[in-house]
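S.K.: This is the structure I have questions about; it appears just below.
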Amino acid sequence: MTDKRKKLKRIGVFTSGGDAPGMNAAVRAVTRAALANKLEVIGIRRGFQGMIEGDFIKLRSSDVSHIMHLGGTFLQTARSTEFRQEEGRAKAWSQLKEAGIEAIVVIGGDGSFAGALEFSQEYDIPFVGIPGTIDNDMYGTDYTIGYDTALNTVVEAVDKIKDTASSHGRIFFVEVMGREAGQLALKAGIACGAEIIFLPEIQSEEKELELFLNKGYKQKKHSGIVMVAEGDSAGGAFKIAEKVQKEHPEIDVRVSILGHMQRGGNPSATDRVAATQMGVAAVEALLEDQKSIMVGLKNEQIVHVPLLKVVKMNRGIDEELLKIQQVINSVL
Ligand code: F6P
């Protein structure tokens with residue numbers, strides 16, 4: 001039998017964009033899968049910025065021991081403005097050539113994939129992407145690394161907020177991350193029993209909120225949680241709460257912005273397993289001579305999706321979950 005696998009000697013791996021719990025598990029899986037296939041692995045520190053600066057470290061198996069349970073990314077990450085310039089990318093290319101890196105696994109969101117795609121169109125180097133962002137907003141995969149952990153972090157925080165909300169009879173506006181996508185807010189809102197969920201993808205929440213305040217809160221319920229995705233067009237939790245306070249001065253309103261705590265913490269088992277599946281699949285894909293693709297998960301099976309599609313298409317909101325939320329909250 002002839003070995004059709006691509007002859008690679010050395011690959012690079014890096015994390016990019018916002019960190020997400022499970023990125024370390026993905027780096028570990030890429031490293032171990034590569035070493036199992038007799039490839040050398042170079043960790044590129046601080047994303048594209050580290051690539052420009054040649055901030056590389058050789059990864060041995062022992063270098064990725066005891067990291068899979070840790071949040072953040074031990075390779076660190078960055079949002080590099082220099083890489084957006086042709087000059088920056090040229091510097092990155094010469095660093096990669098000098099280090100003998102022949103193919104790369106990029107772990108990040110669609111902004112990072114757009115950078116990788118542009119780079120691979122200018123220079124001859126294959127990239128395979130692993131979706132890593134707490135937003136779970138990427139086209140072509142059911143799942144992005146970090147989402148499950150962030151979701152559980154939000155649920156734990158809101159459960160605590162609910163205790164104080166019901167003790168004081170208050171309405172809390174809880175803002176969760178998601179500049180352009182409401183997946184995290186939607187699922188967290190369902191899991192926490194939020195009365196209303198403000199999402200960037202939907203415009204009708206203000207009417208629902210008014211209905212809840214007048215018919216639900218004032219007549220039946222004595223506290224409430226309004227979940228707000230930070231990118232919602234109403235302007236975020238503070239703005240919505242301010243408006244409600246003005247229009248209903250008798251209601252006791254509070255705001256809680258969960259912020260970057262959502263990105264930290266030990267990855268959940270789901271994130272560790274998904275990261276490991278995708279890490280191994282990414283190395284396999286490079287050995288199969290694939291380029292400019294993302295490895296994703298659909299119905300828990302690995303899929304390959306062209307990076308071009310991932311960066312161009314929108315995942316959109318989960319309509320089924322949206323319907324469920326509307327049914328549950330239609331009874332005031
Ligand atoms: O994309 C992940 C994410 O956490 C978004 O939900 C959030 O809007 C953004 O990153 C925040 O980015 P930064 O940490 O750079 O402020």
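The values are calculated or read from the model by the stated rules, or taken from the named source; none is laboratory data. Note that the coordinates shown come from a computational prediction; the quantities given were computed from them, not determined experimentally. Positions of Cβ are backbone-derived with ideal geometry, glycine not excepted, and every protein chain shown enters the neighbour counts. Surface accessibility is based on the protein's heavy atoms, side chains included, excluding ligands, DNA and RNA. Shrake-Rupley method; radii C 1.70, N 1.55, O 1.52, S 1.80 Å.
S.K.: Return the long-range amide H neighbours of residue 255 (sequence gap of 5 or more, or a different chain), with a cut-off of under 5 Å between placed amide H atoms.
M.R.: Hits under the 5 Å cutoff: 173.
S.K.: Rolling a 1.4 angstrom probe over the protein heavy atoms, how many square angstrom per residue are accessible across the chain?
M.R.: 46
S.K.: If r is the Cβ-Cβ distance from residue 6 to residue 168 and R0 is 51 Å, what FRET efficiency results, to the nearest 0.05?
M.R.: Efficiency at R0 = 51 Å is approximately 0.25.
S.K.: With a point put 7 Å past each Cα toward its Cβ, work out how far residue 319 is from residue 156 in nm, to one decimal.
M.R.: 3.6
S.K.: Right, here's the next one. Which shape class applies to region 289-332: rounded if a/c is under 1.5, otherwise prolate when a/b exceeds b/c and oblate if not, where a ≥ b ≥ c are the square roots of the Cα gyration tensor eigenvalues?
M.R.: Since a/c reaches 1.5 but b/c is at least a/b, the shape of region 289-332 is classed as oblate.
S.K.: Tell me whether the chain comes out rounded, prolate or oblate; compute the Cα gyration tensor, take square roots of the eigenvalues as a ≥ b ≥ c, and use a/c under 1.5 as the rounded threshold.
M.R.: prolate
S.K.: Next up: Which whole-Hz ³J(HN,Hα) couplings does region 73-85 yield from phi under the Karplus relation 6.51 cos²θ - 1.76 cosθ + 1.60, θ = phi - 60°, glycine and proline marked x?
M.R.: 9, 5, 7, 6, 9, 7, 10, 8, 7, 4, 5, 6, 8
S.K.: Residues of region 274-288 with amide nitrogen under 17 Å from the 7 Å Cα-to-Cβ point of residue 123?
M.R.: Counting only backbone N, you get no residues.
S.K.: Moving to a separate point now. Going by alpha carbons, how many degrees (0 to 90, nearest 10) lie between the helix axis of 319-330 and the longest principal axis of the chain?
M.R.: With rounding to tens, the tilt is 20 degrees.
S.K.: Please list, or write none, the lysines whose alpha carbon is within less than 20 Å of the alpha carbon of residue 207, excluding same-chain residues fewer than 8 places away.
M.R.: Hits, sequence-local ones excluded: 215, 218, 220, 221, 239, 243, 246, 323.
S.K.: Next question. Could you work out how far helix 86-99 tilts from the main Cα principal axis of the chain, as a 0 to 90 degree angle to the nearest 10?
M.R.: 50
S.K.: Expressed as a whole percentage, what fraction of the accessible surface of region 117-247 belongs to carbon and sulfur atoms when a 1.4 Å probe is rolled over the protein heavy atoms?
M.R.: Using a 1.4 Å probe with all protein chains present, region 117-247 comes out at 48 percent carbon and sulfur.
S.K.: Continuing with this model, one more query. Only helical DSSP H runs with n ≥ 4 go in: add -39500 (n - 2.57) per run for the chain, normalise by residue count and round the 222 nm mean residue ellipticity to 500 deg cm²/dmol.
M.R.: -12500 deg cm²/dmol
S.K.: Another question, if that's okay. Taking the 0 to 90 degree range and rounding to the nearest ten, how far is the long axis of helix 183-192 tilted relative to the main principal axis of the chain, both from C-alpha atoms?
M.R.: 50
S.K.: Still on this structure, please answer the following. Can you give me the long-range amide H partners of residue 198? Hydrogens built in the peptide plane at 1.01 Å from N, cutoff under 5 Å, separation of 5 or more residues or another chain.
M.R.: 227, 228, 229
S.K.: What is the extension gain from residue 270 to residue 81, computed as 0.36 nm multiplied by their sequence separation minus the C-alpha to C-alpha distance, in nm to one decimal?
M.R.: Working it through step by step, the gained length comes to 64.8 nm.
S.K.: Also: So in the chain, what percent of DSSP beta bridges are antiparallel if you round to the nearest 5?
M.R.: 20
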